[in-house]
Amino acid sequence: MKLISFLPILLLIGGIASKTNFKANGTFHCDYNAWCFFVTLWEEDITESWNDVIDRMGTKCVFGRHSWDYKLDGNEYEDAPFLDKFYEVFLSVRHNCTSFGIREVRSDTTYESVDTAVSYITWDKDLTGDTGTPYKEFV
Ligand SMILES: *[C@@H]1O[C@H](CO)[C@@H](O)[C@H](O)[C@H]1NC(C)=O
Ligand SMILES: *[C@@H]1O[C@H](CO)[C@@H](O)[C@H](O)[C@H]1NC(C)=O
């Protein structure tokens, strides 16, 4: 009888989305004197066919400097309680620090418990070179 009276309360708690704040930062390096990049922080969604954008900054062009510090900040809300106990988070950056054209490189995936309140991710990357997937546009 006690259990039955607790049941609605448990369902209510389970139905409230918990929030995780993701803070990503790092330094991009490039040997060229003029280069642009577009960085995005993603959450991989296994239950959907697309990934969630947590945060991104517009295309940034850097002139006369070989490194740039970036910062991203955004929230994810647990949408499938009891199924998926971890967020799978990664960064991607499209840049033209190449001999020709735009390329995209990705960070490793970070796993974060949905119970974490604030998650910190640091990704430093030397972008110089022709590795990664070619793209026509930054966005
Ligand atoms: C990134 O954030 C960490 C704290 O989480 C800090 O120690 C580090 O200096 C930051 N790096 C940059 C490049 O801002
Ligand atoms: C990247 O693009 C910017 C803007 O078009 C250009 O000024 C720069 O020379 C390019 N850098 C490289 C290394 O291609």
Subject >> Placed amide H near residue 36: partners under 5 Å, 5+ positions off or other chain >> reply: 62, 96, 97
Subject >> If the convex hull is drawn through the Cα atoms of the range 20-134, its volume per residue in Å³ >> reply: 91 Å³
**OP:** Might you tell me the accessible area per residue for the range 20-134, computed with a 1.4 Å probe and given in Å²?
**Re:** 54 Å²
Original post:
What aspartates and glutamates could a cross-link reach from residue 85, if we take a straight Cα to Cα line under 15 Å and drop same-chain neighbours fewer than 8 places away?
Top reply: 43, 44, 45, 76, 112, 115
Original post:
Once Lys and Arg get +1 and Asp and Glu get -1 on their Cβ, which of 41, 95, 74 lies farthest toward the positive end of the dipole of the range 20-134?
Top reply: 95
Subject >> Percent accessible area from carbon and sulfur atoms, the range 20-134, protein chains only, probe 1.4 Å >> reply: 50 percent
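The values are calculated or read from the model by the stated rules, or taken from the named source; none is laboratory data. Owing to the predicted nature of the structure, the values given are computational and were not obtained by experimental measurement. In this analysis, Cβ positions are derived from the backbone assuming ideal geometry, glycine residues included, and neighbour counts consider all displayed protein chains. For the accessible areas, the whole protein counts, side chains as well, though only heavy atoms, and no ligand, DNA or RNA atoms are used. Shrake-Rupley method; radii C 1.70, N 1.55, O 1.52, S 1.80 Å.
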